[in-house]
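Taking it in order: structure first as structure tokens, then the write-up.
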């Protein structure tokens, strides 16, 4: 009898979780082409990572938490004026219709230069070895990650870390060698999706944005697949967009790159990834419970000893977590990971590492620690990178964050 009761309660919880979501459906049309369907348009709920791309018929269908119906929907396409519209009052089964037209403002930003966008990007790729630091380096910075589940934040981890890596080549090294955790703190864990996490800090670091993208839009042989275009330019830099629309891979990519005019150094990148609607799964390919909806990486750089190094990485993505029995979306999980370096050292790296405790894994999810209140009260990075108010509000529904930090949940 007790077993039946437990099963009934479990089913009830899963069912109620699924009921918190709603399917947002719509069609996007090209107004300049006689209202033809506009495929590959980006659709996103404002201030979230919820969204996706339209298919060949301009159709989109996005499971979202019902509480996000208070937000607005943003629809965009390269070279077209983006539109934002309210979805308050949307009901299950409704179909939203959006009409996009070319942006006069965007056209004015594009400036004709002696070298076209393809030439600028090729020059930037050619100069990567010259512009990027190729020396041993220890970078110290602030790491933060926070998770949202079905529209509410359920976890927060923060740490001050030092990363030691040996960047002999911008094409070969992994942006992660060894990590030392100087200080850390974490909230209790309110996740219910059953995710068993890996080490996201290490994942973030090892994917050096320069070598990691060497196989796509930073590959000179593949550059024409991405159709480089000028977005804008000023006295100091070019801004170029690239977009890969057709591929046999699972995911599609589009990116925006800031390139310094004087050195042709790539000083900033914004990279977005979406599932490829043209991709056909092979017969025996396993279906993952975790379905990527979209991912965005923002990379910034800084000069150290006259060369550029990565100074900041922010990655945000969301997944649909499927019910293994029904295939329905049980959870919508959004996660953000960010690291911002504030100090760099290129002297006596080996000696410094011997004095510290550098490891290949950080184990921030479960490593015991002693909460240092004074350190965090005086930590300037918290002022420079304030925690979003909603994260604190959602996590403090049971007790203050500072109390959770003192006795964190695993």
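The values are calculated or read from the model by the stated rules, or taken from the named source; none is laboratory data. For clarity, every value in this text was computed on a predicted model and none was experimentally measured. Because the Cβ atoms are built from the backbone with ideal geometry, glycine has one as well, and the counts that use them run over all protein chains shown.
What the table below lists for this structure:
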{"item": "Single unsatisfied condition, residue 236 versus (1) farther than 27 Å from residue 385 by Cα; (2) surrounded by fewer than 15 Cβ atoms within 10 Å (Cβ to Cβ); (3) touching a strand residue (DSSP E or B) at 6+ places or on another chain (Cβ under 8 Å)", "result": "(1)"}
{"item": "Some residue of the stretch 93-116 being farther than 24 Å from residue 231 by Cβ and at pLDDT below 85", "result": "yes"}
{"item": "Residue check for residue 313: touching a helix residue (DSSP H, G or I) at 6+ places or on another chain (Cβ under 7 Å), in the same structural domain as residue 270 (by TED's automatic domain parsing) and crowded, with 17+ Cβ neighbours inside 10 Å", "result": "yes"}
{"item": "Qualifying residue in the stretch 365-375 (condition: out of contact with any strand residue (DSSP E or B) (no Cβ under 8 Å at 6 or more places or on another chain), assigned by TED's automatic domain parsing to the domain that holds residue 304 and modelled with pLDDT under 85)", "result": "yes"}
{"item": "Among the residues listed as 33, 84, the single one being free of Cβ contacts under 8 Å to residues at least 12 places away in the same chain, out of contact with any helix residue (DSSP H, G or I) (no Cβ under 6 Å at 6 or more places or on another chain), outside the structural domain of residue 149 (by TED's automatic domain parsing) and farther than 16 Å from residue 293 by Cβ", "result": "33"}
{"item": "Residue pairs meeting the criteria (Cβ under 6 Å; at least 6 apart or on separate chains; first at positive phi, in the stretch 261-280; second surrounded by fewer than 20 Cβ atoms within 10 Å (Cβ to Cβ))", "result": "264/123; 264/127"}
{"item": "All positions within the stretch 69-92 that are within 24 Å of the chain's Cα centre (by Cα) and assigned to a strand (DSSP E or B)", "result": "72, 73, 74, 75, 76, 80, 83, 84, 85"}
{"item": "Search result, residues across the stretch 28-68 that are surrounded by 17 or more Cβ atoms within 10 Å (Cβ to Cβ), touching a strand residue (DSSP E or B) at 6+ places or on another chain (Cβ under 7 Å) and not in a strand (DSSP E or B)", "result": "38, 40, 41, 48, 49, 50, 54, 58, 68"}
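This table checks each residue for (1) part of a strand (DSSP E or B); (2) more than 22 Å from residue 156 (Cα to Cα).
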residue	(1), (2)
254	yes, yes
270	yes, yes
287	no, yes
338	yes, no
